[in-house]
Structure formats: C-alpha cells, structure tokens
Amino acid sequence: MTAQILDGKATAAAIKSDLTARVAALKEKGVTPGLGTILVGEDPGSQKYVAGKHRDCAQVGIASIQRELPATATQEEIEAVVRELNEDPACTGYIVQLPLPRGIDENRILELMDPDKDADGLHPMNLGRLVLNEPAPLPCTPNGILTLLRHYGVEIKGAEVVVVGRGVTIGRPMPLLLTRRSENATVTQCHTGTRDLAAHLKRADIIVAAAGSAHLVRPEDVKPGAAVLDVGVSRSAEGKIVGDVHPGVAEVAGWISPNPGGVGPMTRAQLLVNVVEAAERSAG
Ligand SMILES: Nc1nc(=O)c2c([nH]1)NC[C@@H]1CN(c3ccc(C(=O)N[C@@H](CCC(=O)O)C(=O)O)cc3)C=[N+]21
C-alpha cells in the first residue's frame, strides 16, 4: 500500500476558483483587491516565487503591484517603499519577500508594515493576535497545511502532531494554529536540540517536516498510516528540490504531500486568501 497523495496543486486550484468568485463580488462593490510585493536583489529563487505570486493574482482577478529594488538598496530606501505601500489605497495587502540582503534589519522592516495589510501573517502584531486568539491574517504555510489536511479529511482533532523545525514562518506558528480549540491537536515541537527525534516521529499521527534538512524523516521513523507533510526545500547538485521526507516514507505513511506540488502551492493560495479577506473586511 502506498500513501494517498495530499495534492496541494489541485487543492490550491480549488481555493483559487472560490476566490475568483469572491473577487468578482468585491469588484461589484467597487473594491479591487491588490497584492503588493517588495523584492530586493536578484536572487533567482526569490524572483521565481514572486513571479508565481503575481501569476496567481492574475488568475483570480487580484491586481498586482510590484516593487523591485537592487541588492544595494539601503535600509532607508526599503523602508520608503514600505511606507508607500502602507499609504497606497490600491494595495490592500502586501509582502516583503524574505530573506532581505545581508546588513538589512529585517524585523525593523516587518514592524513598519501596516499590520492590516500584512498578507503573510508574519507581522509581530498579527503573530501576537494569533497568540491571543484574536482574528488576524494567518501565516500562509501553516494555514495552507491545515487547509490541505481538512480538504482530504485527515483527522486533526486529538491527533498527536510532531512539528520538526522552529523557523519563524512555519515551525513557530504551526503549533499555535494546531492547538487552537477549533483544531485541538496535541503538538510536540522538535528541533536541532531534540535528543531522540525518531522516538517522537514514531508516535506521530501527523508529521510536519519543516527543518530544511534533506530526507530527515526516514521510512523506519514513521508510524504506518500517518500523514506526512513535506515542507523542506533543499536543492540537489542538479538543482532539483529535495524535501525533508525520504521518498521511501510513501510506502509506510497513509498520506503524504509531494514536494514540489504539496505545501508550496498551498502557501501561495493562502496568501491570496489573506489578501481577499483583508479586502472583504475593508469593504465592510
Ligand atoms: N515574505 C515571504 N513570504 C513567503 O511566503 C516566502 C518568502 N517571503 N520567502 C521565500 C519563501 C518560499 N516560499 C515558497 C512559496 C511557494 C513555493 C511553491 O509554490 N513551490 C512549488 C515549486 C516551485 C519550484 O519548482 O521551484 C511547489 O512546491 O510545487 C515555494 C516557496 C514562500 N516564501
């Protein structure tokens, strides 16, 4: 028996088709959602991701606002663009593509953003709202993972979930989402200081592998029937994506998200959800 596929690409397409209708309804009310992106530097990976986000916007009818700065841009120059998008009524939500070049104070840039235009859900105010159980745009990758699990009917309530990784975009917010009363999962967070990762993994009903360590999760570590989400992105010598999950896990798991084609497209779809929801709030 091989695992059922948690198809992020197909699920994202379904979300985008729902959003297309909601964007059309907003336009009837005279509101056009607009997603802004701030890209600093010429990293080909970042350029590709940002281009993908604008392609998604075009598909669902969201306007695109693109700002690009050279790798040599100063802190003040980047902050000026953040202020500009904060003020721009056509920009209903935006992201600052991370990472920023060395020497730039990333947290200062993020704090300067208008939290109500934070499409990533990573502004300190919105992370704080998440901790306080207040409504806020949710971090895209963790929320995309939940949406994917729900779409396929994987039981979250009462599940033992192991999150591997403690990064700001996935590892840290993921347990906050999973332990809300609406989700009611039990979460163990593992990281490089974890003494016996395999022992934790073996007990998990759901594994979220977001460590960025190629093939970290091996078939012998996975409980038969578990749901395994592969969030890691490493690159092989040939430039191919290598996930955090060993391919052999597909023979043991009950559910597995492919990589690419799993969590990545869901992240992009949730970004659009945040933009549309912010526009709906402002439309009243
Ligand atoms: N402010 C900010 N917000 C982000 O959300 C953000 C960021 N900065 N910096 C970089 C990471 C990375 N990220 C990805 C999103 C989608 C795919 C994606 O859709 N990947 C495709 C494959 C793409 C390929 O083949 O290279 C897939 O998984 O199927 C990948 C990576 C968002 N990030």
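Observations
- Check: the chain dipole with +1 on Lys, Arg Cβ and -1 on Asp, Glu Cβ, in debye: 660 debye
- Charge dipole (Cα centre; +1 on Lys/Arg Cβ, -1 on Asp/Glu Cβ; no other charges) of region 148-284 amounts to roughly 320 debye.
- In terms of its C-alpha gyration tensor, region 1-81 comes out oblate, because a/c is 1.5 or above while a/b does not outweigh b/c.
- Our note on the geometry: Cα centres of region 62-83 and region 176-190, 36 Å apart.
- Rounded to the nearest 20, the size of the Cβ-charge dipole of region 1-86 about its Cα centre is 480 debye, with Lys and Arg at +1 and Asp and Glu at -1.
- Shape analysis of region 14-56 places it in the oblate category; the axes a ≥ b ≥ c from the Cα gyration tensor give an a/c of at least 1.5, with a/b not above b/c.
- Using 0.36 nm per residue and subtracting the Cα-Cα separation, the extra length available between ARG181 and ARG235 on full extension is 15.7 nm.
- Backbone HN-Hα couplings from phi across region 233-249 [Karplus 6.51/-1.76/1.60, Hz, Gly and Pro as x]: 10, 10, 10, 6, 4, 8, x, 7, 5, 10, x, 7, 10, 5, x, x, 4
- Overall, the anisotropy analysis places region 47-183 in the prolate class: the square-rooted eigenvalues a ≥ b ≥ c of its C-alpha gyration tensor yield a/c not less than 1.5, with a/b exceeding b/c.
- For the chain, adding -39500 (n - 2.57) for each run of n ≥ 4 DSSP H residues and dividing by the number of residues yields -12500 deg cm²/dmol at 222 nm.
- Burial ranking of peptide ranges 234-243, 142-151, 220-229 (average Cβ count within 10 Å, highest at the top): 142-151, 220-229, 234-243
- Here the extension length gained between ARG102 and GLU76 equals 7.9 nm, from 0.36 nm per residue of separation less the Cα-Cα distance.
- SER213/GLU28 FRET efficiency (R0 41 Å; Cβ-Cβ; nearest 0.05): 0.30
- Annotated for the chain: lysine pairs at least 8 residues apart or interchain, Cα distance under 23 Å, count 18.
- Distance between region 12-60 and region 232-284 - C-alpha centres, whole angstrom: 16 Å
FYI, it's all coordinate maths here, none of it is from the lab. The model shown is predicted, which means the values in this text are computed figures rather than measured ones. Glycine gets a Cβ as well: all are built from the backbone with ideal geometry, and neighbour counts include every protein chain shown.
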